[in-house]
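First up is the structure itself, then whatever we jot down about it.
What follows draws every value from the coordinates through simple rules; no lab data is involved. All of these numbers come straight from a predicted model, not from anything done at the bench. Backbone-built Cβ (ideal geometry, glycine too); neighbour counts: all protein chains shown.
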Amino acid sequence: MAVKKILRMGDAQLLRQAVEVTNFDGEELKELLADMRDTMQALDGVGLAAPQIGINLRIVIFGVESNPRYPDAEPVPETVLINPVITPLSQTKEDGWEGCLSVPGMRGLVPRFTRLRYQGRDESGALIDRTASGFHARVVQHECDHLDGILYPMRIVDMRHFGFSSELFPDSDVQDE
């Protein structure tokens, strides 16, 4: 469909609480999901939340086989997750470097739960109920945070571990836009 403009950190729309999707039958949902997929693919993202393109709905998409922004990440299944609920399966957290299309060119070390269960609906309204760990769990948490107006820098514990990708990883090919 179309590549949409990504809202950047500082835009008040990114701080809103997104509202639940109630209609799974309309063309609007299909068009929105097509736009989200096109946008994520065009920007080499591993995930995208509807609020990042200015749509205040509880929808995230994610998935990756391989990605130049996260070269060491394991594959994550392509998923449309609507009205998600996340339940940690352990209180264990792990720090990991994150970037975001709404915070271009920067990375931060963010603690996330290592194992979780996520539930929600797919684009047709069918139930999704999965467990995830590692990078998959990190991606789900990162994207779902957007639905509650949370950007990853808000989760950083030590701001010494936040900065421009080119400064933090000068010898790396991993650079954000």
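Quick notes on this one:
- In the chain, Cα pairs under 8 Å separated by at least six residues give a relative contact order of 23 percent.
- Folded to 0 to 90 degrees: helix 134-146 orientation relative to the chain principal axis, Cα: 70 degrees
- Computed [θ] at 222 nm, helices only, for the chain once each DSSP H run of length n ≥ 4 contributes -39500 (n - 2.57): -5500 deg cm²/dmol
- Shape category assigned to the range 39-137 from the gyration tensor of Cα positions, a/c cut at 1.5: oblate
- Prolate/oblate/rounded label for the range 23-64 (Cα gyration tensor, a/c 1.5): prolate
- Centroid-to-centroid separation of the range 1-33 and the range 50-101 [C-alpha atoms, Å]: 15 Å
- Counting only lysines at least 8 places from Lys30 when in the same chain, those with an alpha carbon closer than 28 Å to its own are Lys4, Lys5.
- Angle between the chain longest axis and helix 27-42 axis [Cα atoms, degrees, rounded to 10]: 20 degrees
- Local charge for Glu94 was computed over the other residues whose Cβ lies under 9 Å away, with Lys and Arg +1 and Asp and Glu -1, and equals +2.
- Loop GluC sites (Glu not before Pro), the range 1-93, which have at most 13 other Cβ atoms in a 10 Å radius of their Cβ (DSSP): Glu20, Glu65
- Cα gyration tensor, the chain - rounded (a/c under 1.5), prolate or oblate: prolate
- Among Asp122, Asp25, Asp44, the largest mean-square fluctuation in a Gaussian network model of the chain (Cα springs under 10 Å) belongs to Asp25.
- With the charge dipole of the chain set up from +1 on Lys and Arg Cβ and -1 on Asp and Glu Cβ about the Cα centre, the Cα lying farthest toward the positive end among the listed residues Leu43, Pro84, Val3 is that of Pro84.
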